[in-house]
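Computed from the coordinates by the stated procedures, all read-outs in this text should not be read as laboratory data. Computed from a prediction, not measured in an experiment: that's the story for all the values here. Counting neighbours? That spans all protein chains shown, and the Cβs are built from the backbone with ideal geometry, glycine included.
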Amino acid sequence: MSYTEYAVTRKWHRRGLALLDLAGARWWPRPRRCQARAPVRNVLILRRGSFGDLIMLLPAVARLRELYPQARLTWMVQPEFRGFLADLGAADAFCGRLSGRPRFDLAIDFHADVRMIAWGRLRARRVAGHGIRGGGFLLNPAAHYDWAEAAAARHVRLVEAAAGAPAQPPLPARVSVRPEWRQAAAPLLAELPPRFVIVHPGCGRPSRRWPLQRWRGLIEILGAGQVVLTGTRGEATTCAWLAAATGARSIAGRTTWASLAAIAAAAAAVIAPDTGILHLAHALGTPSVGVFGPNDPGVWGYAGAHNRSLAARLPCSFCSRGRCPRVAEGEYSPCMQAVDVSSVVAAYRGIILTACGEG
């Protein structure tokens, strides 16, 4: 791999990874080919990320179940997501630290990160992944990384490469609301209007945040009476300010992942930046409008009759940075500021008219 192909922005970082891979390829022996034909009974899934990242992994997990129906799937994932994944049937077990002798037949790293690949190597006979952030010499196989392919489909391709299976069109992520999720959400749903729109202004990455005044303007156009604000506990203050300024309802900080899924399934639509609830809405079949900036909506967003992914292409698009280097800390990214309220309103009205026509 040429050092220019690494998914890091600093030149010295790319060169360092290239040197690491060059040295590793010389001194680290690749696993034997015969191991690729050995039975796979225990699979380790490496993905410590955000909630949206996990939702986008569901098609890959479905393909993994299809290819290895008898395999036990163990996830290395944050504790707060474990119950939700178990409810979906996506996980059989969970693990924390990676140490000791190998206990897995196969580890699949969805991070594309040299540290996760190395941790997987500690516990598995084979590790499949992408070498775009180093560690390619530890992989068997090292799967091709298609930069332009939708992220969910790319995850499926990695699973197929790990199994040596032919490529198939990936199925979309689908989440069905469980009765216990509805029960958990019932007290909150009782407070909401019969027909409501979820507006989720928060986002974990500073570069993906849409200006707060734009959210306020959007809520005022939509009508505060039908808007429900959602968010994490850390985003509750922002949602409370918007609720006070517009008259919308806020349930930020009052939901679990399960109850949020039940509420999103009952919503007429979800409007959010590139964050977890947007991917959850798509998996639930709820119409959605996503506001994108540094991430390419063709890779991380959704298109179709019920989904819109909005982005304004600038000379620096799409950088995928967590913080925009062109503005001071705390300021909004130019790519997010370039998406105006009227575009979001038009996209929302388009998906609602489509949904009403089909209904």
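Shape summary of the stretch 179-358, radius of gyration then Dmax from alpha carbon positions: 15.5, 48 Å. As a rough guide to protection, the peptides 84-93, 286-295, 210-219 ranked by mean Cβ packing within 10 Å, highest first, stand as 286-295, 210-219, 84-93. Fully extending the segment from GLN168 to ALA305, taken as 0.36 nm per residue of separation minus the present Cα-Cα distance, adds 47.0 nm. For ALA190 and VAL177, the difference between the fully extended length at 0.36 nm per residue and the C-alpha to C-alpha distance is 2.9 nm. With a simple spin-label model that places each label point 7 Å from the Cα along the Cα-to-Cβ direction, the separation between THR354 and TRP241 comes to 3.3 nm.
So how do 176-189, 338-351 stack up, highest first, on mean other-Cβ count within 10 Å?
In descending order of packing, they fall as 338-351, 176-189.
Rounded to the nearest angstrom and listed largest first, the equivalent-ellipsoid semi-axes of the chain from its Cα gyration tensor are 38, 24, 17. Between CYS95 and ARG72, the simple label model (points 7 Å from Cα in the Cβ direction) yields a spacing of 1.1 nm. Selection among VAL156, VAL227, VAL114 by position relative to the dipole of the chain gives VAL114 as farthest towards the positive end (Cβ unit charges, Cα centre). In the chain, the calculated helix contribution to ellipticity at 222 nm averages -11500 deg cm²/dmol per residue, counting -39,500 (n - 2.57) for every DSSP H run with n ≥ 4.
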